[in-house]
Amino acid sequence: MKPMVVAVDVHKHFGSLHALDGISIEVPHGEVLCIIGPSGSGKSTFLRCINQLERIDGGAIWVDGELAGYRRSGESLLPLSDKEIARQRLASGMVFQRFNLFAHLTALQNIIEGPVTVRKRPKAQAVDEAMALLERVGLADKRDAYPSELSGGQQQRVAIARALAMKPKLMLFDEPTSALDPELVGEVLAVIRDLATSGMTMIVVTHELGFAREVSSRVVFMDLGRIIEEGPPQEILVRPEQARTRDFIAAVLS
């Protein structure tokens with residue numbers, strides 16, 4: 001079976017900033033990969049490139065065996081159209097730091113919007129599936145609540161349910177708890193933990209080192225747009241080889 005994600009020598013520039021500097025990694029089906037590192041290390045940019053919210057400047061990314069953003073024509077690579085990129089993007093669901101819910105829609109309406117309008121599912125089916133997802137994230141009683149009536153943790157759980165409603169093959173989490181009050185972090189991590197045990201392939205950018213140690217199959221430490229070190233969580237988070245990794249972990253835990 002081909003890996004779910006393959007990145008080969010991926011580069012991304014923002015002006016003079018070399019945000020991704022030769023990232024190469026494979027993520028097998030069913031793996032939970034946690035990416036840690038200081039602010040500005042390229043973690044979120046890498047997720048956005050996988051999901052094609054950013055176009056890479058060099059290298060290549062494959063998602064579920066399909067070259068992202070391009071198609072081969074002989075020896076050349078031709079950019080895909082916006083429509084083709086939108087189709088590819090359906091393979092992955094992304095949950096952001098900010099919840100990005102539609103303020104004028106209820107929790108249930110937020111979740112069914114994509115399946116009905118994009119996937120063209122019958123509304124009754126979408127509602128049934130959305131209610132099952134709200135149940136899964138512990139919010140079945142909030143189906144008719146608007147985002148302004150929900151706590152940050154509840155909004156993030158609705159955002160996770162909304163991403164799952166599109167039936168992605170891959171889930172991408174970009175620091176999903178960083179905008180939450182400390183007492184609300186646990187409820188969101190519990191949902192992600194449940195997803196991890198279900199076999200969903202996930203890439204999680206996080207600063208929650210205890211969570212990364214508990215749920216990840218592998219931890220990647222990034223700095224200055226590069227992968228500095230990667231390996232099992234008990235090695236990277238407990239016995240890292242690189243001094244830069246040790247310094248970062250010590251600073252987070254201090």
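Here are a few things to note about the model shown:
- Taking 0.36 nm per residue of sequence separation and removing the Cα-Cα distance, the Ser217/Lys120 pair yields an extension gain of 31.4 nm.
- For the chain, the membrane-span-like helices by this rule, meaning whole DSSP H stretches whose C-alpha atoms cover at least 18 Å of axis and whose Kyte-Doolittle mean is 0.0 or above, are 182-197; this says nothing about an actual membrane.
- Length released on extending from Phe102 to Leu78, taking residue separation times 0.36 nm less the Cα-Cα span: 5.2 nm
- Accessible area ranking (1.4 Å probe, heavy atoms, ligands and nucleic acids excluded), largest first, for Glu84, Glu135: Glu135, Glu84.
- Sequence of Arg87, Arg55 from largest to smallest accessible area, 1.4 Å probe: Arg87, Arg55
- What the chain shows is 47 Å² of accessible area per residue, with the surface traced by a 1.4 Å probe over protein heavy atoms.
- Looking at the chain, the DSSP beta bridges with both ends there are about 60 percent antiparallel.
- With DNA, RNA and ligands ignored, accessible area of Glu241 (1.4 Å probe; Å², nearest 10): 140
- Cα shape, the chain, gyration tensor, a/c 1.5 rule: oblate
- For segment 112-248, the share of accessible area belonging to carbon and sulfur comes to 47 percent (1.4 Å probe, ligands and nucleic acids excluded).
The values are calculated or read from the model by the stated rules, or taken from the named source; none is laboratory data. What you see is a predicted model, and the numbers here were worked out from it, not measured in a lab. All accessible areas refer to the heavy atoms of the entire protein, side chains included, with ligands and DNA or RNA removed. Shrake-Rupley method; radii C 1.70, N 1.55, O 1.52, S 1.80 Å.
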